[in-house]
Amino acid sequence: MSTSIEYRISDNKGVRHVSNEEGIVVRLSAMRSEAGKKAKELDMSDSSTFSTFKSNYESWNATNLLLSSSNIDNVYFQEIVKMGLAAVPYIYEELKKGPTDLVYALDEIFGNPIKYDGFVSLKQSCDLWLSILQKTGKF
């Protein structure tokens, strides 16, 4: 099956319509909220990235519910790691909610830059990564 995208955009030049009629059709539209304002742009790459992250994170959490420790060898966890830097904003948001084993993905994404000496609690790891990410100024 192939995928096509159909969208309509309303702007000051009227309605433009682009379509490819085969396969799955997705309809997107963007309109002005006020006269004279620039039309809002839809960035589907961000939406797709978030959906990928969310799906893998939820699946990983579901498989971890029955375990006494985190399974970072899990296929869903590894998919999050493979997302690389694209996953970091979403991981950051999860860290802000509270300690999560997802912090270990940051270790792998950034090539294990932190050297832990002895036992470090999950909360300490999460707090450390939160402070590091906040210092970058991107979050």
| field | Qualifying position, being loosely packed, with under 12 Cβ neighbours inside 10 Å, at pLDDT below 65, farther than 20 Å from Asp107 by Cα and not acidic (Asp, Glu), among Arg27, Arg32 | value | Arg27
| Boolean, Lys123 is touching a Pro at 6+ places or on another chain (Cβ under 6 Å) and either surrounded by 11 or more Cβ atoms within 10 Å (Cβ to Cβ) or not in a helix (DSSP H, G or I) (or both) | yes
| task | Spot the failing condition for Lys97; the list is (1) exposed (fewer than 12 other Cβ atoms within 10 Å of the Cβ); (2) of a type outside the set (Phe, Trp, Tyr); (3) modelled with pLDDT under 80, and only one is missed. | result | (3)
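When you look at Val103, is it in the same structural domain as Ser59 (by TED's automatic domain parsing) and either of a type in the set (S, T, N, Q) or surrounded by fewer than 19 Cβ atoms within 10 Å (Cβ to Cβ) (or both), yes or no? Full working, then the answer.
Values: in the same structural domain as Ser59 (by TED's automatic domain parsing): yes; either of a type in the set (S, T, N, Q) or surrounded by fewer than 19 Cβ atoms within 10 Å (Cβ to Cβ) (or both): no.
Judged against the criteria, Val103 is not a match.
The values are calculated or read from the model by the stated rules, or taken from the named source; none is laboratory data. None of these values were measured; they are calculated from a predicted model. Cβ atoms come from the backbone with ideal geometry, glycine included; neighbour counts cover every protein chain shown.
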